[in-house]
Amino acid sequence: MLRLLTPRRLGLTVCLGSLFVSSSGCDQKSSGPPPKPTPTVTVAEPVEKELADFAEFTGRTEAVESVEIRARVSGYLKEIHFKAGSEVKVDDLLFEIDARTYQAELDRNAGTLANAKAKLKRTDADLAREQTLRDKGINAQADLDLAIAQQGEAAASIQSSEASLERAKLDLDFTKVTAPVAGLTSRELITVGNLVAADSTMLTTIVSLDPIYAYFDVDERTLLDIQQRIREKKMKSARDSEIEVVLGLANEVGFPHVGAIDLVDNRVSATTGTIQVRCRFPNPERVLTPGLFVRVQSQMGPARSRLLVPEQALAQQQGQRYVFVVKPDNKVERRDVTVGRQDGSLRVIETGLQSGEKVIVQGHLRVRAGMEVKPEPYTAGATASATSATDASNHNATPAGGASKSKDH
């Protein structure tokens with residue numbers, strides 16, 4: 001049965017409905033998020049500094065002189081006179097081969113020479129006698145000719161004997177194997193008592209240490225850039241002048257060793273597309289050893305004014321380096337940049353930034369382009385832990401989908 005609302009009941013229903021709507025609206029208003037505070041970031045202006053461009057390469061060290069020590073005569077090894085792995089000087093005695101057979105050969109050749117000299121003396125006397133008789137008409141011309149021939153044979157025999165004696169002396173000297181260059185020896189490759197074959201058996205090796213070479217390869221693009229700079233008179237050619245280079249080892253900071261380019265190859269390798277360059281470095285303290293992996297740096301022209309920002313101000317997204325710039329109205333702008341060489345904790349900015357602009361150094365995770373921020377001056381001594389703690393405390397306040405993911409460097 002349908003019941004009609006009386007005016008009294010209708011008014012009560014309307015009143016209750018109004019109260020419900022009013023209460024619901026108040027609850028929705030009171031449960032809304034509070035306004036977010038303006039994030040605080042630290043900013044710094046780019047530093048202007050006179051810097052030159054540098055190119056860095058990787059290479060290997062090699063000895064200026066590398067010698068394989070082999071005996072020049074055959075025989076049994078009698079004695080070793082050096083300690084394996086030690087430094088030797090030029091003409092230091094290294095090995096000694098049994099010299100008795102060579103001494104005997106020397107003595108035999110000495111006797112042969114003495115016999116030849118005695119024969120020459122006799123033929124000289126015979127020639128003088130035959131010449132006297134011929135002058136008196138007593139003997140025939142044939143007798144004089146024979147005496148002359150015998151005297152010539154005796155003189156030639158002396159020359160041959162002297163040469164044989166000299167060769168025997170050399171062979172005897174070669175039984176003592178000495179260092180042809182100064183440097184560091186390897187281990188002995190043969191032990192006492194073994195037969196050594198002339199010009200065949202390798203006894204040890206020696207590599208020189210001071211100075212030392214460093215070889216590295218320059219890629220085609222860098223080579224063309226260098227050639228362009230040379231044509232524009234922005235740098236000198238290594239073929240015409242001495243170009244200074246610096247070198248660092250894998251465990252060294254920076255490039256403490258100073259040398260110069262010694263040779264540039266005459267062609268680019270068709271296989272690798274690179275050209276080989278050789279540098280020469282003094283090595284009095286023997287820090288550099290042949291075969292070491294090294295980093296080589298060369299200046300690419302005179303110094304010029306550059307803009308630098310702290311390395312941590314840079315972020316990266318999909319290979320593009322960028323910074324956040326705070327504009328005069330405290331709004332954030334993302335700025336794509338091209339970076340150059342590193343100078344300590346700073347990085348050169350080639351393009352994308354102007355002098356006097358304020359770059360966010362700390363606080364990347366809390367901002368996005370277009371956001372208003374509260375900038376504070378950057379202090380280089382600020383600790384990384386304090387920055388991390390601040391970022392963590394504000395991370396939950398970042399709007400969903402607000403800041404893009406970036407990699408700080």
Notebook entry, point to check: Can you sort LEU292, LEU77 by how many other beta carbons sit within 10 Å, fewest first?
Noted result: LEU292, LEU77
Item checked: Label point at ASP124 placed 7 Å out along Cα→Cβ; residues across segment 153-197 whose backbone nitrogen lies under 12 Å -> 155
Check: By how many nm would the segment from THR191 to ASN139 lengthen if fully extended, with 0.36 nm per residue of separation less the alpha-carbon distance?
Finding: 11.9 nm
Notebook entry, point to check: Radius of gyration and Dmax for segment 152-196's Cα atoms, expressed in Å?
Noted result: 17.7, 54
Check: Gain in length, VAL258 to GLU232, computed as 0.36 nm per residue apart minus the alpha-carbon separation, to one decimal in nm?
Finding: 6.7 nm
Margin query: Check which residues have an amide H placed less than 5 Å from ALA71's amide H, if you skip close sequence neighbours.
Written below: ASP199, SER200, THR201, LEU203
Margin query: Could you compute the net charge surrounding ILE80? Neighbours are other residues with a C-beta less than 10 Å from the C-beta of ILE80; K and R count +1, D and E count -1.
Written below: -1
Next item on the list: Consider all pairwise Cα distances in segment 28-187 and report the whole-number % of them above 26 Å.
Entry: 67
Item checked: log10 of Debye I(q)/I(0), alpha-carbon scatterers only, for segment 100-167 at 0.16, 0.20 Å⁻¹ -> -0.58, -0.74
Next item on the list: Could you rank the peptides 298-305, 135-142 by their average count of other C-beta atoms within 10 Å per residue, with the highest value first?
Entry: 298-305, 135-142
Check: Of the peptides 159-168, 354-363, how do they stack up when ordered by the mean number of other Cβ atoms within 10 Å, highest first?
Finding: 354-363, 159-168
Next item on the list: Give the whole-number value, in cubic angstrom per residue, of the convex hull volume spanned by the C-alpha atoms of segment 248-381.
Entry: 190
Checklist line | Separation in nanometres of the label points that stand 7 Å from Cα toward Cβ, at LEU224 and ALA114 | finding: 8.0
Margin query: So if each residue of separation counts as 0.36 nm, and I subtract the Cα-Cα distance between ALA149 and TYR76, what length gain in nm does that give?
Written below: 21.8 nm
Next item on the list: Divide the volume of the convex hull of the Cα atoms of segment 42-121 by its number of residues and quote the answer in cubic angstrom per residue.
Entry: 272
Check: Expressed as a whole number of Å, what is the distance separating the alpha-carbon centroids of segment 92-113 and segment 42-60?
Finding: 67
Check: If you take the charge dipole of segment 100-167 about its Cα centre, with +1 on Lys and Arg Cβ and -1 on Asp and Glu Cβ, which of ALA142, THR101, SER160 is farthest toward its positive end?
Finding: THR101
Check: How do SER345, SER66 line up, fewest other C-beta atoms within 10 Å first?
Finding: SER345, SER66
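Each value in this text was obtained by applying a stated rule to the coordinates, not by laboratory testing. Just so we're clear, the structure is a prediction, and the values are computed from it rather than from any experiment. FYI the Cβ positions are ideal-geometry reconstructions off the backbone, even for glycines, and counts take in every protein chain you see.
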